């Protein structure tokens, strides 16, 4: 996975809200886009605020990061470490590929399964635990830092990760936050251009 030129991704949150750092009334709902190795990404981001759904576009290239204003739609530059930057999240040497290599423990192979929404595709299903500290930093405080229950669905022939589920621990009377990451179009390289800012 760390050697792929690019892929399409979808990250969806269900369950308890995951509020943006410093903005306790706005939570992340989903992010869909394309990652181009080693450091480019574009994505459509959906945020949930009281009584309103906010859609934002994001682009990251070579350490620079931009988002559209949810009201005006105008592009604005931000520090690369701000926002939910998918280029940082999927970086081959420090993002999810590296985290899956080094931070997973207690792995169990459940066998070969077929997911209902991916008919005809046989996948290895693996369960384990993920140390949440590094993904907490990569997700800007949205995921982790406690230990996370993880399930992985992997193609047997290519070993490409098709789906990852991360369920954060919750109190007995609270709903857990669950993150579902889907990946496809492996090897696909799309053109990601720097936005024009007047």
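To the nearest 0.05, how large is the calculated FRET efficiency for residue 72 and residue 46 if R₀ is 22 Å and r is the Cβ-Cβ distance?
Numbers: r = 18 Å, r/R0 = 0.80.
Between residue 72 and residue 46 the formula returns 0.80.
Please give the FRET efficiency for residue 10 paired with residue 157, using the beta carbon to beta carbon distance and R0 = 35 Å, rounded to the nearest 0.05.
0.95
Spin-label point model (7 Å from Cα, Cβ direction): what's the residue 94 to residue 167 distance in nm?
3.2 nm
Before rounding to the nearest 500, sum -39500 (n - 2.57) across all DSSP H runs of length at least 4 in the chain and divide by the residue total; then give [θ] at 222 nm in deg cm²/dmol.
That calculation yields -2000 deg cm²/dmol at 222 nm.
How large is the convex hull of the Cα atoms of region 6-184 per residue, expressed in Å³ as a whole number?
131 Å³
Suppose R0 equals 22 Å; then what is the FRET efficiency for residue 53 and residue 180 from their Cβ-Cβ distance, rounded to the nearest 0.05?
Taking R0 as 22 Å, the efficiency between residue 53 and residue 180 is 0.70.
Based on the alpha-carbon gyration tensor of region 1-111 and its eigenvalue square roots a ≥ b ≥ c, which shape applies: rounded if a/c is under 1.5, prolate if not and a/b is larger than b/c, or oblate?
Oblate.
Read-outs: derived from the displayed coordinates by stated rules, not from any lab. Treat the numbers as computed from the prediction; the structure is a model and nothing was measured. Glycine also receives a Cβ, built like all others from the backbone with ideal geometry; neighbour counts cover every protein chain displayed.
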